[in-house]
Amino acid sequence: MTDTARLAAELDAADPLAAHTGAFVRDPGVVSYLDGNSLGRPLASLEERFARFVGHDWGSRLIRGWDEGWMRLPYELGDRIGALVGAAPGQTVVGDSTTVLLYKLIRAAVDAPRSAARTEIVIDDDNFPTDRFIVEGVAAERGLTIRWIEVDRTAGATLEQVEAAVGERTALVVLSHVAYRSGFLADVAGVTRAVHDAGALVLWDLCHSAGVIPTELDAHGVDLAVGCTYKYLNGGPGSPAFAYVRRELQGQLQQPIQGWMGAADVFAMAPRYRPAPDLARFLSGTPPVLATVALEAMVELVEQVGVAAVREKSIALTGFAEQALAAHVLPHGAVLASPPAGPRRGSHLTVAHPSFREVNARLWERGVIPDFRAPDGIRIGLSPLSTTFAEVELGVAALGEELARATRG
Ligand SMILES: Cc1ncc(COP(=O)(O)O)c(C=O)c1O
Ligand SMILES: Nc1c(O)cccc1C(=O)C[C@H](N)C(=O)O
């Protein structure tokens, strides 16, 4: 047994959250799942939940379900997710995809009366593609300029870079809380303050932090946020995203997809659109009720465990993964492309080597599942409620073997 294998066994034995790893579907063909930061595993209890949904909620209640709860679902589930990211009720809503919510909120922010004399959107050049593409599209639609922050791809936008980029022309700053590539964890408090000092609005993308990193949206005065629910909130492929709009801003912002679900009185069937006075105006169409079944089950689990405890295990997992990488992978020429342990590190690590596209394909054939991000990165995603230390050891050791094979030629 290697030193890191022994350590993994000790860490699993001492892990206070270890019992929860058994609550997820564990296919014997999957030796090591290291991609929970892209698609979380399903809870094993879902079979029963889906059966209940089909047989009772949908099958028996039928159209009555809307009055009996489905109409309130985007707000009630939104409040529960809001509580996980530090938002008081009435500011978080579930629906649409992250991409669509980004469009709605970015358009709303730059169109706001307070942004009238402001002509720039600030975003970093290594933000997730959909965030950059939506900013490009809105800037083109509205005749705005994009100020790109050029970031180190092993980190993310620093406070100093944001301070240097914002000014009286800035309407909105769009940043990720945790960078999808490097796992860099942004300074939400400092950056939000700097953006506000410049008189601008800030939108945080919480896709890679929701459910795993304690976040204080209200306490930091964040204006807008979006996040997806299929990563650390295990909502399943394509589960709906959530949007946060600070209460004081809700009446001042108008989003561009004016559907009936965002109208002041949904069933008035009014001749003209009049937006709801509150958070409801950020909805557009029918809530994706079926797509929230798995999400609700996971939100229950995260509420029960608490995000602080999840974060504690996340720190332990990333720390252990770094040791395992140092033992098995870095000696073969790969380099760590993530921040060091500490306050700037999220819940995944990226390691880089030119051979990694092929190495990743070999790993998938062996049932070891991290993911590859061009041009040369393998991401090791650590999802604290479902990932064991032993699984990390197995996966990282396999990565080392495949890298050794690839570099031997
Ligand atoms: C930071 C970030 N933003 C946005 C998205 C994607 O959003 P969507 O669910 O609309 O595909 C992802 C992942 O897919 C992401 O990692
Ligand atoms: N959302 C995804 C999808 O629909 C297909 C494949 C991957 C994804 C992802 O979530 C990618 C992920 N956000 C990333 O950080 O790369």
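So which residues in region 357-385 are within 16 Å of ligand 2 (Cβ to nearest atom) and either crowded, with 23+ Cβ neighbours inside 10 Å or in a helix (DSSP H, G or I) (or both), if there are any at all? Residues satisfying the conditions are Arg357, Asn360, Ala361, Trp364, Pro370, Gly377, Ile378, Arg379, Ile380, Gly381, Leu382, Ser383.
Of the helices (runs of 4 or more DSSP H) lying entirely inside region 1-62, those containing at least 2 residues that are closer than 21 Å to Met298 by Cα span 18-21, 46-52. Within region 113-142, the set of residues being closer than 20 Å to His196 by Cβ and surrounded by fewer than 18 Cβ atoms within 10 Å (Cβ to Cβ) comprises Pro113, Arg114, Ala116, Ala117, Thr119. Answer with yes or no whether Pro354 is without any contact (Cβ under 8 Å) to a residue 60 or more places away in the chain, in a loop (DSSP other than H, G, I, E, B) and more than 16 Å from ligand 1 (Cβ to nearest atom). Considered against the rule, which asks whether it is without any contact (Cβ under 8 Å) to a residue 60 or more places away in the chain, in a loop (DSSP other than H, G, I, E, B) and more than 16 Å from ligand 1 (Cβ to nearest atom), Pro354 comes out as yes. The set of residues in region 235-254 that are part of a loop (DSSP other than H, G, I, E, B), buried (at least 24 other Cβ atoms within 10 Å of the Cβ) and away from ligand 1 (no atom under 14 Å from the Cβ) contains only Leu253.
Out of the residues in region 143-154 meeting the condition of being aliphatic (A, V, I, L, M) and over 22 Å from Cys228 (Cβ atoms), tell me which one is surrounded by the fewest Cβ atoms within 10 Å (Cβ to Cβ). Filtering region 143-154 for residues that are aliphatic (A, V, I, L, M) and over 22 Å from Cys228 (Cβ atoms), the one surrounded by the fewest Cβ atoms within 10 Å (Cβ to Cβ) comes out as Ile146. Of the residues Ala219, Ala189, Ala200, the single one that is buried (at least 24 other Cβ atoms within 10 Å of the Cβ) and either more than 10 Å from ligand 1 (Cβ to nearest atom) or touching a residue at least 12 places away in the same chain (Cβ under 8 Å) (or both) is Ala200. No other residue among Gly319, Gly400, Gly395, Gly377 is in contact with a Phe, Trp or Tyr (Cβ under 7 Å, 6 or more places away or on another chain) and either on the phi < 0 side of the Ramachandran plot or modelled with pLDDT under 95 (or both) apart from Gly377.
The values are calculated or read from the model by the stated rules, or taken from the named source; none is laboratory data. Here the structure is a predicted model, which means the values were calculated and not measured. A quick note on method: Cβ atoms are made from the backbone with ideal geometry, for glycine too, and the neighbour counts reach across all protein chains shown.
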